[in-house]
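The values are calculated or read from the model by the stated rules, or taken from the named source; none is laboratory data. What you see is a predicted model, and the numbers here were worked out from it, not measured in a lab. Reconstructed Cβ throughout: ideal geometry from the backbone, glycine too, with neighbour counts over all protein chains shown.
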Amino acid sequence: MSVGAWFRTDFDEPSVPAELPMRLTTGMHPSVTIVDQMVRGRGIIGRVTGDFGALAVKVAGTGSPVRVAVTIGLDEVSTRWWADRVRPSRTTPELPRVVVLRSQGRIRGAAVLARRQGWRGAASAEATLAFDLAEGELDGDGLLLVELGETAPPSWAAGRVSTRPVVGLRFNSITVEPATTPAPVALTGGSTGCDFAVVQPGDALTHRLITSPVPAAPPLPLTPRNKLTRRRPARAAFKAARAARRVAYRALPQRPGPLSGVVAADLITGAPVAVELSGDEVRMPGATGNPVLLGAARPQPTLAWRLQ
């Protein structure tokens, strides 16, 4: 009898290991055995409710290396959940989310997510982080552990990135495939939507930094907080005011100007990293085992970055 069987009751459904290759897109799948500070979804795996979110998936691994890809998302509901818990000012714009991803207890990479304002509403943001698990990290009787967490931002990023950035984020999907050859950590998702970017652990030392103008960040969606603001006339007025702000934000000209310079810091230790900027090329001083956050030397909220 396995240890887990000691805690099982007649009402528990047995977990069914997912076969490789695996593509998980719902939290209702029987291979999802543990969720921590998350609510499961049907169209997504789940949504984080606290300052971190973790899940464990039963996978029928072979002990051989595998490639894992985790897709996370930021949408309108994410921002509303965040605003309901943090209670910011109504005039506060959305700020970028900087999060780190752990798997099997180790930092695997990091991502920046930022929504931008459109004419009718703010667009969602999504990023996929792909990484390798070495031989033996996922055996035939093991669990794939995935966690989203936060780190303290460097001093130069204070006030420019969201506090409690994990609240409300979505786990959209997780894929696991056998890996024939090792590959570096890869982050896909196009532009970050803001003046930040992340260099992943073990990534190349030289990157091309592509910048483009973007609309301003949208106003925050706030749930009514008292009896007065819960009434229909007040709610309608708030909704109309927010729609007007959306149009005004979108209509503002996006003229961020030339790149103001690049600063960098280790996302885990907070230590500064001396990067060099030459034209549109950013050069790292050396390899690092942790993700490195890059940011504009001076805030440029209507400038979007993409590393290539």
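Computed values, structure above
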| item | result |
| --- | --- |
| Matching option when the condition is of a type in the set (D, E) and closer than 19 Å to V57 by Cβ, among E126, E94, E150, E137 | E137 |
| Flag for T192 being over 20 Å from the mean Cα position of the chain (by Cα), β-branched (V, I, T) and on the phi < 0 side of the Ramachandran plot | no |
| Cβ-Cβ under 9 Å pairs, at least 6 apart or on other chains, segment 80-95 side under 23 Å from A111 (Cα atoms), far side of a type in the set (D, E, K, R) and in a strand (DSSP E or B) | W81/R47; W82/R97 |
| Conditions (1) of a type in the set (G, A, S); (2) at pLDDT 95 or above; (3) within 28 Å of A243 (Cα to Cα): number failed by A157 | (3) |
| Residue in segment 262-273 that is in contact with an Asp or Glu (Cβ under 8 Å, 6 or more places away or on another chain), at pLDDT below 85 and either of a type in the set (A, V, I, L, M) or outside any helix (DSSP H, G or I) (or both) present | no |
| Considering residues of segment 181-198 that are exposed (fewer than 14 other Cβ atoms within 10 Å of the Cβ) and either free of Cβ contacts under 8 Å to residues at least 60 places away in the same chain or of a type in the set (K, R) (or both) only, the residue nearest to V99 (Cα to Cα) | P184 |
| First in segment 140-165 and in contact (Cβ under 8 Å) with a residue 12 or more places away in the chain and buried (at least 18 other Cβ atoms within 10 Å of the Cβ), second anywhere and aromatic (F, W, Y) and assigned to a loop (DSSP other than H, G, I, E, B), Cβ under 9 Å, 6 or more apart | E147/F52; L148/F52; E150/F52 |
| Flag for R160 being over 30 Å from V59 (Cβ atoms), assigned to a strand (DSSP E or B) and basic (K, R) | no |
| Residue within segment 46-56 that is touching a Ser or Thr at 6+ places or on another chain (Cβ under 6 Å), under 18 Å from A127 (Cβ atoms) and in contact (Cβ under 8 Å) with a residue 12 or more places away in the chain present | no |
| Output for segment 115-130, where each listed residue is in contact with a strand residue (DSSP E or B) (Cβ under 6 Å, 6 or more places away or on another chain) and either within 17 Å of L307 (Cα to Cα) or not in a loop (DSSP other than H, G, I, E, B) (or both) | A125, E126, A127, T128, L129, A130 |
| Tally, over segment 274-308, of residues that are aliphatic (A, V, I, L, M) and part of a loop (DSSP other than H, G, I, E, B) | 5 |
| Out of A122, A111, sole residue that is farther than 30 Å from E19 by Cα, among the small types (G, A, S) and buried (at least 20 other Cβ atoms within 10 Å of the Cβ) | A122 |
| Long-range neighbours under 7 Å by Cβ, at least six apart or interchain, first residue touching a residue at least 12 places away in the same chain (Cβ under 8 Å) and more than 30 Å from G149 (Cβ to Cβ) within segment 252-280, second of a type in the set (S, T, Y) and in a loop (DSSP other than H, G, I, E, B) | Q254/T302; P256/T302 |
| Subset of segment 131-147 [touching a Pro at 6+ places or on another chain (Cβ under 9 Å) and part of a strand (DSSP E or B)] | F131, D132, L133 |
